[in-house]
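Visitor: Submitted below is the structure of interest, expressed as structure tokens.
The values are calculated or read from the model by the stated rules, or taken from the named source; none is laboratory data. On a predicted model such as this, the values are computed, not experimentally measured, just so you know. Here Cβ is always computed from backbone atoms with ideal geometry, including for glycine, and neighbour counts include all displayed protein chains. Quick note on the areas: whole protein, heavy atoms, side chains included, nothing else; ligands and nucleic acids left out. Shrake-Rupley method; radii C 1.70, N 1.55, O 1.52, S 1.80 Å.
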Protein chains: 2
Amino acid sequence: MSENPTAAVLVIGNEILSGRTQDTNSNTIARFLGPFGITLKEIRVVGDFADEIIAALNTLRARYCYVFTTGGIGPTHDDITADAVAAAFGVGIDYHPEALKLLAARFADPADFNAMRRRMARIPDGASLIRNTVSAAPGFQIDNVFVLAGVPSIMRAMLDEVAPRLSRGRPVISVTVAAAVAEGAIAAGLAAIQTRFPDVAIGSYPVYRADGYGVQLVARGFDPALVETVAGELTSLLAAAGGKPERLSP
Amino acid sequence: MSENPTAAVLVIGNEILSGRTQDTNSNTIARFLGPFGITLKEIRVVGDFADEIIAALNTLRARYCYVFTTGGIGPTHDDITADAVAAAFGVGIDYHPEALKLLAARFADPADFNAMRRRMARIPDGASLIRNTVSAAPGFQIDNVFVLAGVPSIMRAMLDEVAPRLSRGRPVISVTVAAAVAEGAIAAGLAAIQTRFPDVAIGSYPVYRADGYGVQLVARGFDPALVETVAGELTSLLAAAGGKPERLSP
């Protein structure tokens, strides 16, 4: 999977770190990238502090093919992402004519398009807009960085706009097999299968539920036939341990 | 809030980065730390790769008072956290007598306590155990790093064991006021309040729901009276904008 484009997510917002809000955007982006054959390598969450956003962004954009940021592009004083991104790239930031137009169109009474709302049209120099079909205020792309909204429904809409701009890799095929077997009972067999099939990544995830324990085994790789072969081995392993293996989708 | 102990979370697991699993452990730890007056400053997620775990851990443990890792301490081949932590600290790793005893007690038939299950008793030199009241396999503490399980129910139980070991800071008081008002309509007033009360952090979070839009304003600070004063200002601001402010708990 090392030849695929790589990506990182940078979530920006005190509300995630205080525990007030459960981040779901990272998971949405992770699932979005899978079919493109883009490998998500890292997720970071930092607060609404310019120096921390700048440091994290500069590390991640140098290390990975793509960086997706979410959060901090609204109209209020705590929305500092656009300024931090401009600072990270060492470029200026100014009102973007097209962004102003998109935003102005949203307000029947021009008086409602106040100074703070105009802030949302401030875009780093050289960036291209990412359309927001939900609430007008655009995201933007600068180099390999996509700056997206934090509100989940808006972020998802922006991802659709981003899709045509992404280089594609080879999608990963994934098969999951589950059974009510203790992970520790099959661990040695699992390691042996992994050794025999180094091109398929095998993950083992124990499950603890009110109705008992079990394990989910995941085979992931590029070659569908090879992944199926490994899934067959995993199924046999679970059956040999007394389980009734079930294939889960996906 | 800068005098409080700081913390980071390091989530370890391919299943988070593939999007297969939604991480909830970070949010649990964030909410757990609040009452202790420990400030969560950063969350990172990396995959099951030793070099990435080691690099992230060494950065985070140098930067923050505490690091909490979750994931990768089970019996299977993809559980490499304990070895990676030992490598990050430059110490050895071996079977820990007490951990072996705790684990052995779980198996009526000694034959079930196989080599892979014994792996879960491998603990870096100098670490102290963190008891696991759910499934026996312990976590461990080494210096300022707490190594916890990835299964949420087990991780929560381990947090209870960790609690007495933590230095406490001044807890943050938080009040949330909400109304069906557009964020952009109050943004200027909000910025003015923030300027007048620099010791209270004001966050603004737009809400988009099927039944309409609105905003949640959060005031956070150490001084309960001051936070209440700011909450009063926020309530007046929302009312002046035509909203019917509601106080949310917490």
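Visitor: Give me the pairs: first residue in segment B:11-28 and within 7 Å of chain A (Cβ to nearest Cβ), second residue open to solvent by 20 Å² or more (accessible area, probe 1.4 Å) and of a type in the set (A, V, I, L, M), beta-carbon distance under 7 Å, and six or more apart or on different chains, which are they?
Guide: B:ASN14/A:ALA201
Visitor: Taking the condition free of Cβ contacts under 8 Å to residues at least 12 places away in the same chain and open to solvent by less than 50 Å² (accessible area, probe 1.4 Å), does A:GLY184 pass? First the steps, then the outcome.
Guide: On the way: free of Cβ contacts under 8 Å to residues at least 12 places away in the same chain: yes; open to solvent by less than 50 Å² (accessible area, probe 1.4 Å): yes.
Yes; evaluated as a whole, the condition is true for this residue.
Visitor: Restricting to segment A:176-214, and then to whatever is more than 10 Å from every other protein chain (Cβ to nearest Cβ) and farther than 13 Å from A:LEU238 by Cβ, can you tell me which residue is nearest to the chain's Cα centre (by Cα)? Walk me through it before giving the result.
Guide: First pass over segment A:176-214, keeping only residues more than 10 Å from every other protein chain (Cβ to nearest Cβ): A:177-181, A:196-200, A:210-212, A:214.
Applying the additional criterion that residues be farther than 13 Å from A:LEU238 by Cβ yields A:196-200, A:210-212.
On the way: A:ARG196: 31, A:PHE197: 28, A:PRO198: 26, A:ASP199: 24, A:VAL200: 22, A:ALA210: 31, A:ASP211: 32, A:GLY212: 32 Å.
The extreme case among them is A:VAL200.
Visitor: Next question, about the same structure. Looking at (1) within 13 Å of chain A (Cβ to nearest Cβ); (2) open to solvent by 40 Å² or more (accessible area, probe 1.4 Å); (3) on the phi > 0 side of the Ramachandran plot, can you tell me which one B:GLY71 breaks?
Guide: Here B:GLY71 meets the rest and fails (2).
Visitor: Tell me, which helices (runs of 4 or more DSSP H) lie completely within segment A:63-180 with 3 or more residues that are out of contact with any helix residue (DSSP H, G or I) (no Cβ under 6 Å at 6 or more places or on another chain) and not aliphatic (A, V, I, L, M)?
Guide: A:81-89, A:97-104, A:152-162
Visitor: Just checking, does segment B:139-155 include any residue being touching a Ser or Thr at 6+ places or on another chain (Cβ under 6 Å) and in the same structural domain as B:LYS244 (by TED's automatic domain parsing)?
Guide: No, segment B:139-155 has no match at all.
Visitor: Do you know which residues across segment B:148-168 are touching a residue at least 60 places away in the same chain (Cβ under 8 Å) and within 14 Å of another protein chain (Cβ to nearest Cβ)?
Guide: B:ALA149, B:GLY150, B:PRO152, B:MET155, B:ARG156, B:LEU159 - these are the residues of segment B:148-168 that are touching a residue at least 60 places away in the same chain (Cβ under 8 Å) and within 14 Å of another protein chain (Cβ to nearest Cβ).
Visitor: Going through segment A:41-67 one residue at a time, which ones are more than 9 Å from chain B (Cβ to nearest Cβ), free of Cβ contacts under 8 Å to residues at least 60 places away in the same chain and β-branched (Val, Ile, Thr)?
Guide: A:ILE53, A:ILE54, A:THR59
Visitor: Please specify each residue of segment B:109-141 satisfying the condition of being within 15 Å of B:ARG156 (Cα to Cα), among the polar types (S, T, N, Q) and either within 11 Å of chain A (Cβ to nearest Cβ) or open to solvent by less than 20 Å² (accessible area, probe 1.4 Å) (or both).
Guide: Taking segment B:109-141 first, the residues within 15 Å of B:ARG156 (Cα to Cα) are B:130-140.
Cutting the leftovers down to among the polar types (S, T, N, Q) gives us B:132-133, B:135.
Passing the criteria: B:ASN132, B:SER135.
Visitor: Further question: Confirm whether B:GLU98 is farther than 26 Å from A:ALA192 by Cβ, acidic (Asp, Glu) and touching a residue at least 60 places away in the same chain (Cβ under 8 Å).
Guide: Numbers: farther than 26 Å from A:ALA192 by Cβ: yes; acidic (Asp, Glu): yes; touching a residue at least 60 places away in the same chain (Cβ under 8 Å): no.
Against the criterion (farther than 26 Å from A:ALA192 by Cβ, acidic (Asp, Glu) and touching a residue at least 60 places away in the same chain (Cβ under 8 Å)), B:GLU98 does not qualify.
Visitor: Right, something else. Please find, among A:GLY34, A:GLY92, the residue that is within 11 Å of another protein chain (Cβ to nearest Cβ) and open to solvent by 20 Å² or more (accessible area, probe 1.4 Å). Walk me through it before giving the result.
Guide: Numbers: A:GLY92 fails: within 11 Å of another protein chain (Cβ to nearest Cβ).
Going through A:GLY34, A:GLY92 in turn, just one is within 11 Å of another protein chain (Cβ to nearest Cβ) and open to solvent by 20 Å² or more (accessible area, probe 1.4 Å): A:GLY34.
Visitor: Report whether or not B:ALA219 is facing chain A (nearest Cβ under 9 Å), open to solvent by less than 30 Å² (accessible area, probe 1.4 Å) and small (Gly, Ala, Ser).
Guide: Details: facing chain A (nearest Cβ under 9 Å): no; open to solvent by less than 30 Å² (accessible area, probe 1.4 Å): yes; small (Gly, Ala, Ser): yes.
Taking the combined requirement at face value, the residue does not satisfy it.
Visitor: Let me ask you something else. Restricting to segment A:15-34, name every residue that is more than 18 Å from A:MET155 (Cα to Cα) and part of a helix (DSSP H, G or I). Can you show your working first?
Guide: Start the filter on segment A:15-34 by keeping residues that are more than 18 Å from A:MET155 (Cα to Cα), which leaves A:17-20.
The answer is A:LEU17, and nothing else.
Visitor: Give B:GLY71, B:GLY90 a once-over and let me know the one that is out of contact with any Cys (no Cβ under 7 Å at 6 or more places or on another chain) and under 21 Å from A:PRO206 (Cα atoms).
Guide: On the way: B:GLY90 fails: under 21 Å from A:PRO206 (Cα atoms).
Result: B:GLY71 is the single residue among B:GLY71, B:GLY90 that is out of contact with any Cys (no Cβ under 7 Å at 6 or more places or on another chain) and under 21 Å from A:PRO206 (Cα atoms).
Visitor: Filtering segment A:97-108 down to residues that are open to solvent by less than 70 Å² (accessible area, probe 1.4 Å) and at pLDDT 95 or above, which residue is nearest to A:ARG165 (Cα to Cα)?
Guide: First, the residues of segment A:97-108 that are open to solvent by less than 70 Å² (accessible area, probe 1.4 Å): A:99-100, A:102-104, A:107.
Now restrict to residues that are at pLDDT 95 or above: A:99-100, A:102-104.
Values: A:ALA99: 19, A:LEU100: 23, A:LEU102: 21, A:LEU103: 23, A:ALA104: 26 Å.
Of everything passing the filter in segment A:97-108, A:ALA99 is nearest to A:ARG165 (Cα to Cα).
Visitor: Something else now. What number of residues within segment B:227-240 are under 14 Å from B:ALA182 (Cβ atoms) and either among the polar types (S, T, N, Q) or open to solvent by 50 Å² or more (accessible area, probe 1.4 Å) (or both)? Please lay out each step first, then the result.
Guide: Going residue by residue through segment B:227-240, those that are under 14 Å from B:ALA182 (Cβ atoms) are B:237-238, B:240.
Adding the requirement that they be either among the polar types (S, T, N, Q) or open to solvent by 50 Å² or more (accessible area, probe 1.4 Å) (or both) leaves B:240.
Number satisfying all stated conditions: 1.
Visitor: Within segment B:194-206, can one find any residue that is part of a helix (DSSP H, G or I), at pLDDT 95 or above, out of contact with any helix residue (DSSP H, G or I) (no Cβ under 7 Å at 6 or more places or on another chain) and open to solvent by less than 60 Å² (accessible area, probe 1.4 Å)? Give the derivation first.
Guide: Quick first cut of segment B:194-206, residues part of a helix (DSSP H, G or I) only: B:194-196.
So of that shortlist, the ones also at pLDDT 95 or above come out as B:194-196.
From the residues that got through so far, the ones that are out of contact with any helix residue (DSSP H, G or I) (no Cβ under 7 Å at 6 or more places or on another chain) too are B:194-196.
Now restrict to residues that are open to solvent by less than 60 Å² (accessible area, probe 1.4 Å): B:194.
Yes, segment B:194-206 contains at least one residue that is part of a helix (DSSP H, G or I), at pLDDT 95 or above, out of contact with any helix residue (DSSP H, G or I) (no Cβ under 7 Å at 6 or more places or on another chain) and open to solvent by less than 60 Å² (accessible area, probe 1.4 Å).
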